[in-house]
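The values are calculated or read from the model by the stated rules, or taken from the named source; none is laboratory data. Computed from a predicted structure; not experimentally measured. So basically every Cβ, Gly included, is an ideal-geometry build from the backbone, and we count neighbours across all protein chains shown. What goes into the accessible areas is simple: the full protein's heavy atoms, side chains included, and nothing from ligands, DNA or RNA. Shrake-Rupley method; radii C 1.70, N 1.55, O 1.52, S 1.80 Å.
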Amino acid sequence: MKFEDLGLSEPILAAIRDCGYDSPTPIQEKAIPNILMARDVVGLAQTGTGKTAGFTLPMIEILNGGRAKARMPRSLILSPTRELAAQIADNFDMYGKNCNLSKALLIGGSNMADQIKVLERGVDVLIATPGRLIDLFERGNILLNDIKILVIDEADRMLDMGFIPDIEKICSLLPPLRQTLLFSATMAPEIKALTSKFLSNPKEVAVSAPATTAVTVEQFQVPVSSPKAKNNVLEKIIQQENVQTAFIFCNRKRDVDSLSKWLANKGYKARAMHGDMAQSARMETLEKFKSNEINLLVCSDVAARGIDVDSVSHVFNYDVPMNPDDYVHRIGRTGRAGQKGRAWMLVTKYDDKFMMALLKRIDSKIETIKIDDKGEEKHSGKTDDSRKHQSKNTPRENIPATKSKGRDGAKNKSQRNDEVADVNGFGDEVPAFFNN
Ligand code: AMP
């Protein structure tokens, strides 16, 4: 199928051609015609499947017909994180560049006065995180009575982050006669309930089984004798792999900070990103990562969902994620748009519980690679091509010619008993399951 067959008009098709897309992805093929027919849609799709274009392209098509009034946006996209919201806004600009539509991005951590000014001029599309939207609504800065299209993106993440009551509240403020599109990687009972309450006879479109990992990502786990040994093991892996750009996920913000400093002190182009950092610093770091000024982004799960950076060759899980869905999202940062990616995870004896939950959830294999905490790597016994790939690749391109003196990795204490407050780095967006 071609984009031309989906019912999109020439200005949008021209923008798609400029993006270099040959043909629609499966979720786009299934979702776009239904959205253009004004149907409610439930899209079961992971990030990396092209789902953002799957809803933004037909929205642009629909909205292109009319114009917004002051403070009365015509459509609303709800996103769980600021980064994802900003990315959706970028997508809107890219796909809508030939259509004269206006948008406002309402996210926490950004200047509210500027956001209010944009709203007052009237916007076609409002892209918001739930908290900031409710805040501005309650201050009387937005009227939601003209919303014709609502998108709830990453609904499973909304659930994890405890946003479902906010979503319900927002839905109840919107006109009942509207089109609603809900996207989620998994369909938990709470999301099903949301769907039956707020969507009307939705068309279900699915492109992969819930919580499956992309086939283009090879997965490895490395047993590590103690949390203290993690930094050195991680460095060994980085040196063995041909890392172009990589996300390194930690469960704790303190580890994000200390590991990024440790790597930077060793001469790697590493930076930290987590929910405690100012929004401007998070955006700046992301831009540097996208432009390859830094190539190791040490981060909390705030960066795991939806953040779209081309050609990420590797994902490293410094810790086993506590929530198996996070694993799927973390490793989904690589192996995107058909490219190959490699995901490595460090596992200590303290991770048994999380590992069991993870292995139950995913349907793919994670190969065990043994790396001596001090010495040479030992393979699990199985030989495969990926192993050959590792040992051949030189790591040196990651390390600038002059290395500064490294700090002692033992200083970076990872203790399983760390308090879990904001463990995933969400800042003000603490997932509900940590409170349970
Ligand atoms: P998403 O799942 O929305 O995060 O999109 C993943 C990536 O796929 C993004 O980099 C998009 O720019 C890209 N993409 C979206 N649609 C297409 C397409 N039809 N062909 C190729 N790449 C696409």
- Item | Index of the failed condition, Ile170 passing every other in (1) surrounded by 18 or more Cβ atoms within 10 Å (Cβ to Cβ); (2) assigned to a helix (DSSP H, G or I); (3) at pLDDT below 95 | (3)
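Scan region 106-114 and give yes if some residue there is open to solvent by 10 Å² or more (accessible area, probe 1.4 Å) and among the aliphatic types (A, V, I, L, M), otherwise no.
Taking region 106-114 and keeping what is open to solvent by 10 Å² or more (accessible area, probe 1.4 Å), we get 108-114.
Keeping just the survivors that are among the aliphatic types (A, V, I, L, M) gives 112-113.
Yes - at least one qualifying residue is present in region 106-114.
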- Restricting attention to region 309-352, the residues that are within 16 Å of the ligand (Cβ to nearest atom), surrounded by fewer than 20 Cβ atoms within 10 Å (Cβ to Cβ) and modelled with pLDDT of 85 or more number exactly 1
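So is Pro176 in a loop (DSSP other than H, G, I, E, B) and either open to solvent by less than 10 Å² (accessible area, probe 1.4 Å) or modelled with pLDDT of 95 or more (or both) or not?
On the way: in a loop (DSSP other than H, G, I, E, B): yes; either open to solvent by less than 10 Å² (accessible area, probe 1.4 Å) or modelled with pLDDT of 95 or more (or both): no.
Judged against the criteria, Pro176 is not a match.
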- Tally, over region 61-85, of residues that are touching a Ser or Thr at 6+ places or on another chain (Cβ under 9 Å) and part of a helix (DSSP H, G or I): 6
- Note on the structure: For region 43-72, pairs from a residue that is over 16 Å from Ser23 (Cα atoms) and of a type in the set (Val, Ile, Thr) to a residue that is modelled with pLDDT under 85 and part of a loop (DSSP other than H, G, I, E, B), with Cβ under 8 Å and 6 or more apart or across chains, are Thr47/Arg305; Thr47/Gly306; Thr47/Asp308; Thr47/Gly332
- Those residues of region 252-267 which are among the hydroxyl-bearing types (Ser, Thr, Tyr) and closer than 18 Å to Glu284 by Cα, in sequence order: Ser260
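Table: residues versus (1) open to solvent by less than 10 Å² (accessible area, probe 1.4 Å); (2) touching a Lys or Arg at 6+ places or on another chain (Cβ under 9 Å); (3) farther than 16 Å from Gln87 by Cβ; (4) among the basic types (Lys, Arg).
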| residue | (1), (2), (3), (4) |
| --- | --- |
| Arg271 | no, yes, yes, yes |
| Arg282 | yes, yes, no, yes |
| Glu287 | no, no, no, no |
| Lys290 | no, no, no, yes |
| Ser300 | yes, yes, yes, no |
- Item | Extreme residue, farthest from the ligand (Cβ to nearest atom), among residues of region 91-118 that are within 14 Å of Gly131 (Cβ to Cβ) and of a type in the set (S, T, N, Q) | Gln115
- Item | Residue in region 59-74 that is under 26 Å from Met161 (Cα atoms), open to solvent by less than 10 Å² (accessible area, probe 1.4 Å) and either of a type in the set (S, T, N, Q) or within 12 Å of the ligand (Cβ to nearest atom) (or both) present | no
- Would you pick out the residues in region 15-67 that are aromatic (Phe, Trp, Tyr) and under 17 Å from the mean Cα position of the chain (by Cα)? Phe55
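Only one residue in Ser200, Ser184, Ser172, Ser196 is within 19 Å of the chain's Cα centre (by Cα) and among the hydroxyl-bearing types (Ser, Thr, Tyr), so which one is that?
Details: Ser200 fails: within 19 Å of the chain's Cα centre (by Cα); Ser172 fails: within 19 Å of the chain's Cα centre (by Cα); Ser196 fails: within 19 Å of the chain's Cα centre (by Cα).
Being within 19 Å of the chain's Cα centre (by Cα) and among the hydroxyl-bearing types (Ser, Thr, Tyr) holds for just one of Ser200, Ser184, Ser172, Ser196, which is Ser184.
Looking at Leu143, Leu78 in this structure, which one is crowded, with 24+ Cβ neighbours inside 10 Å and either under 22 Å from Leu173 (Cβ atoms) or outside the structural domain of Leu181 (by TED's automatic domain parsing) (or both)?
Details: Leu143 fails: crowded, with 24+ Cβ neighbours inside 10 Å.
Selected residue: Leu78, the only one of Leu143, Leu78 that is crowded, with 24+ Cβ neighbours inside 10 Å and either under 22 Å from Leu173 (Cβ atoms) or outside the structural domain of Leu181 (by TED's automatic domain parsing) (or both).
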- Task: Go through region 243-348 and tell me which helices (runs of 4 or more DSSP H), entirely inside it, have 3 or more residues that are over 14 Å from the mean Cα position of the chain (by Cα).
- Result: 253-265, 279-290
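From the list Asn231, Asn292, which residue is at positive phi, at pLDDT 85 or above and polar (S, T, N, Q)? Can you show your working first?
Working: Asn231 fails: at positive phi.
One residue alone meets the criteria, Asn292.
Among the residues of region 17-51, what is the count of those that are in a helix (DSSP H, G or I), open to solvent by less than 30 Å² (accessible area, probe 1.4 Å) and near the ligand (Cβ under 10 Å from one of its atoms)?
First, the residues of region 17-51 that are in a helix (DSSP H, G or I): 17-19, 26-36, 51.
If we keep only those that are open to solvent by less than 30 Å² (accessible area, probe 1.4 Å) too, we end up with 27-28, 31-32, 34-35, 51.
This time we only want the ones that are near the ligand (Cβ under 10 Å from one of its atoms), so: 27-28, 51.
Summing the residues that are in a helix (DSSP H, G or I), open to solvent by less than 30 Å² (accessible area, probe 1.4 Å) and near the ligand (Cβ under 10 Å from one of its atoms) in region 17-51 gives 3.
With respect to Val123, is the statement that it is over 21 Å from the mean Cα position of the chain (by Cα), in the same structural domain as Ile12 (by TED's automatic domain parsing) and of a type outside the set (S, T, N, Q) true? Break it down stepwise before answering.
Numbers: over 21 Å from the mean Cα position of the chain (by Cα): yes; in the same structural domain as Ile12 (by TED's automatic domain parsing): yes; of a type outside the set (S, T, N, Q): yes.
Spelling it out, Val123 is indeed over 21 Å from the mean Cα position of the chain (by Cα), in the same structural domain as Ile12 (by TED's automatic domain parsing) and of a type outside the set (S, T, N, Q).
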